[in-house]
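See structure below.
The values are calculated or read from the model by the stated rules, or taken from the named source; none is laboratory data. These numbers were taken from a predicted model, which means no experiment stands behind them. Cβ coordinates were reconstructed from backbone atoms using ideal geometry, including for glycine residues, and neighbour counts include every protein chain displayed. These accessible areas exclude ligands, DNA and RNA; they are computed on the full protein's heavy atoms, side chains included. Shrake-Rupley method; radii C 1.70, N 1.55, O 1.52, S 1.80 Å.
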Amino acid sequence: MPNSLVIVNTSPLLYLHQVGYLDLLKDLYKNLIVPSSVVEELNVGRQQGVDVPDITLIKWIQIKSVSSPSLIPIIVDLGKGEAEVIAIGLENSGSLLIIDDQLARRIANLFELKYTGTLGVLVKAKQLGYFSSVLPVIQSLQSKGMWISQKVMTDILQLAGESPTLF
């Protein structure tokens, strides 16, 4: 994916930072785009005492505003970060969105946008040899508050070539 834009939402940045794997994004995708609203969301978290990355200090992350605000999906239950990730994806065909929110994924599907999530990043990293098992990383993510259903856990472990009976 190094030739297409990779646009990241708040939760993948937050969770990967908290478990010490934020640099996986750089290793896998080289340069990332983060909407300005995601930076705002992270700043709110920082003000509330949450351990969040300071995106403004990371050279391989570019902060970008939506060029055409009319592309931002106006859906009440969709967060501003997710909406801007989708809008920037619409402005840049062939982009990859990294989003975890289910509603945002459904909207991305409607617009035929490519996406993955935090767990998809981990599977790709394992496939490329960055670690031997995704399970310990997923367990760390869960300890930081990431909710993962039993079905998603089973599916991710199968995608990673790991036995779902391990957890």
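Of everything in segment 1-18, what is under 14 Å from the mean Cα position of the chain (by Cα) and open to solvent by 10 Å² or more (accessible area, probe 1.4 Å)? Give them in sequence order.
Narrowing segment 1-18 to residues under 14 Å from the mean Cα position of the chain (by Cα): 5-18.
Within segment 1-18, Leu5, Thr10, Ser11, Leu14, Tyr15, His17, Gln18 qualify.
Counting just the residues of segment 136-151 that are farther than 20 Å from Asp27 by Cβ and open to solvent by less than 60 Å² (accessible area, probe 1.4 Å), which one comes out farthest from the chain's Cα centre (by Cα)?
Going residue by residue through segment 136-151, those that are farther than 20 Å from Asp27 by Cβ are 139, 142-151.
Now restrict to residues that are open to solvent by less than 60 Å² (accessible area, probe 1.4 Å): 145-146, 148-149.
On the way: Gly145: 15, Met146: 12, Ile148: 14, Ser149: 17 Å.
Only one residue tops the list, namely Ser149.
For segment 1-52, which helices (runs of 4 or more DSSP H) that fit wholly inside it have 3 or more residues that are closer than 24 Å to Leu78 by Cβ and either in contact with a strand residue (DSSP E or B) (Cβ under 8 Å, 6 or more places away or on another chain) or at pLDDT 95 or above (or both)? Let's see the steps before the verdict.
Values: elements: 10-18, 23-29, 36-47.
Passing ranges, in order: 10-18, 36-47.
Could you tell me which residue of segment 19-52 is surrounded by the fewest Cβ atoms within 10 Å (Cβ to Cβ), considering only residues that are within 21 Å of Ile86 (Cα to Cα) and among the small types (Gly, Ala, Ser)?
Result: Ser36.
Table: residues versus (1) in a helix (DSSP H, G or I); (2) farther than 18 Å from Glu40 by Cβ.
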site: Gln62; (1), (2): no, no
site: Gly81; (1), (2): yes, no
site: Leu90; (1), (2): yes, yes
site: Ser93; (1), (2): no, yes
site: Leu103; (1), (2): yes, yes
site: Glu112; (1), (2): no, yes
site: Leu119; (1), (2): yes, yes
site: Leu122; (1), (2): yes, yes
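Considering only residues that are assigned to a helix (DSSP H, G or I) and touching a residue at least 40 places away in the same chain (Cβ under 8 Å), look in segment 132-167 and name the one that is nearest to Gly45 (Cα to Cα). Let's see the steps before the verdict.
Step one: of segment 132-167, the residues assigned to a helix (DSSP H, G or I) are 135-143, 150-159, 164-166.
Now drop any that are not touching a residue at least 40 places away in the same chain (Cβ under 8 Å), which leaves 137, 140-141.
Details: Val137: 22, Ser140: 19, Leu141: 17 Å.
So, considering only residues that are assigned to a helix (DSSP H, G or I) and touching a residue at least 40 places away in the same chain (Cβ under 8 Å), the one nearest to Gly45 (Cα to Cα) is Leu141.
Applying the selection to segment 106-131, what residues are touching a residue at least 12 places away in the same chain (Cβ under 8 Å), open to solvent by 60 Å² or more (accessible area, probe 1.4 Å) and among the aliphatic types (A, V, I, L, M)?
Passing the criteria: only Leu128.
For Lys64, which of the numbered conditions (1) open to solvent by 40 Å² or more (accessible area, probe 1.4 Å); (2) under 23 Å from Val137 (Cβ atoms); (3) in contact with a Pro (Cβ under 7 Å, 6 or more places away or on another chain) fails to hold?
With (1) open to solvent by 40 Å² or more (accessible area, probe 1.4 Å); (2) under 23 Å from Val137 (Cβ atoms); (3) in contact with a Pro (Cβ under 7 Å, 6 or more places away or on another chain) applied to Lys64, the lone miss is (2).
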